[in-house]
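Notes follow once the structure below has been shown.
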Amino acid sequence: MGSRSSSRFAGRICAMRLDLICHENALAGNATIQMKAEDVYRQRATSWRVVLPVTSFLAARRPTASNTFIRDSQHVPLHIMIDLEAERPGNLLFERAGPRERIFFDPATARAAIVTCGGVCPGLNNVIRSLVLCLRVHFGVREVLGVRYRYAGMNPASALDPVDLTVKDASDIHETGGTILGTSRGPQEPQVMLEWLRSRGVNMLFTVGGDGTQRGPLQLARTAQQAGYPLAVVGIPKTIDSDLQYVSKPFGFSTAIDAARCN
């Protein structure tokens, strides 16, 4: 996948808040969520408290800047076409991706971390680059950490210090294959990872990987909720197998297919 299309993909993912219950059912693969859009909106309407840093900038340049943002009441249904004569359980609704005028974490104090897991596939560095640019430039997050060698980098026993990902560091990494953070396989204890994140003041964790990779963040999110620690976990689908439910085509899949056809 080219750098331009990968950057657009990662930018959309970066702006998307994933609902834990949607994440859980997507991994289970056999559950249907019956939730009305207005119920989701009521649950979240009072949570977003910080005005996005670019709001005043956009308003000054364009009087209609409010049209730039996505409202929390907007959702995308899984089933676009509905047969009114056929019985069907409640339609699954996804939060629409895009920038919100109000966000939960204050960029001036928030910290983000990025981790890449599993096998290497084309586009990983593109995603890392887009996340760093989106977080630092668009949202004004002052510190973005790169976790080295999958979840092992969040275990102090591994003695793998994170790297500070700056705009300069990430500016041209899309021209290099693989992942600059390294990758490996194998789980870590959620409590250990949570303590690692808490000790560094990380509020947002972006996990890039496939089905096995995303099961770890699900347990981590549950552990953080039980501990009362405010942590946003965003899973970015990465798998050349294209075996993640509700994800039509993860990045790297087309390249893998093209390579197989050539051979």
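Structure notes:
- Three-way shape label, the range 109-168, alpha-carbon gyration tensor, a/c 1.5: oblate
- Taking Cβ atoms as reference points and 13 Å as the exclusive limit, the residues near Thr207 contribute a net charge of +2, counting Lys and Arg as +1 and Asp and Glu as -1.
- Prolate/oblate/rounded label for the range 80-145 (Cα gyration tensor, a/c 1.5): oblate
- Charge dipole (debye, nearest 20) of the range 82-188; +1 at Cβ of Lys and Arg, -1 at Cβ of Asp and Glu: 300
None of the figures in this text is laboratory data; all of them are computed from the coordinates on show. Only a predicted model underlies this, so the values are computations on that prediction, with no experimental measurement involved. Because the Cβ atoms are built from the backbone with ideal geometry, glycine has one as well, and the counts that use them run over all protein chains shown.
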